[in-house]
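Report on one structure; see the data block that follows.
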C-alpha cells in the first residue's frame, strides 16, 4: 500500500528521470509526458493493491518501459488502421475519376465506400473531426494544434473513431 506522502516522494524523486527514460523510448517529450503521467495515475489508482518486492526504482523503470512499449504498439495499430482508412478514401476518389472501369468492381467499390462514408458520418463531435483531419494526412501534432487539444487526446479520439469504424464496417486491417 502506498500512502499520499510516499506517492508524492516517489513522484518528485523519479518523475524527471522517468520522463527522460520514456522520451528515449517513444521519441517525443509530449508522448513521454502522457505515458509517464498515465503510469503515475495508474499507480495512484492501484496504490492499495501494489506490493513492491524489489527496489522501487526498478519497479518504476520497468513499469514506464512497459507503458511506453504498449503505447508504441497501440500507435502502430492506429497508424495501420489510419493507412487502411486513407487507402479506402483514396480508392473512393479514384472510383469517381475512372468511368471506364469494370462495372461490377465499380459497384462493389461504391458499396464499400458508401458504407465507409456512412460509418464516418455516424461518428460524432471531435472523434469525427480528428479522424477526418487524419485521413487528410495531418499528423497528430498538427491535429492537436489545429483543434487546441493534446496529442494524447488526438490519439484517444483516433482510437475511439477507429474502434467505432471497425464495429460499423466489420473490417479489421
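State all residues of the range 1-10 that are surrounded by fewer than 17 Cβ atoms within 10 Å (Cβ to Cβ) and either assigned to a helix (DSSP H, G or I) or touching a strand residue (DSSP E or B) at 6+ places or on another chain (Cβ under 6 Å) (or both); if no residue qualifies, say none. Don't jump to the end; show me each part of the working.
Here is the first cut: in the range 1-10, the residues surrounded by fewer than 17 Cβ atoms within 10 Å (Cβ to Cβ) are 1, 3-9.
Residues satisfying the conditions are 4, 5, 6, 7, 8, 9.
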Revision key, fill the gap. Of the residues in the range 16-56 that are modelled with pLDDT of 90 or more and over 23 Å from the mean Cα position of the chain (by Cα), the one that is surrounded by the most Cβ atoms within 10 Å (Cβ to Cβ) is 17
Review point. Condition test on residue 145, is it more than 20 Å from residue 169 (Cβ to Cβ), modelled with pLDDT of 75 or more and out of contact with any helix residue (DSSP H, G or I) (no Cβ under 8 Å at 6 or more places or on another chain)?
Key: yes
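The values are calculated or read from the model by the stated rules, or taken from the named source; none is laboratory data. Keep in mind that what you see is a predicted model, and the values were worked out from it rather than measured. Glycine gets a Cβ as well: all are built from the backbone with ideal geometry, and neighbour counts include every protein chain shown.
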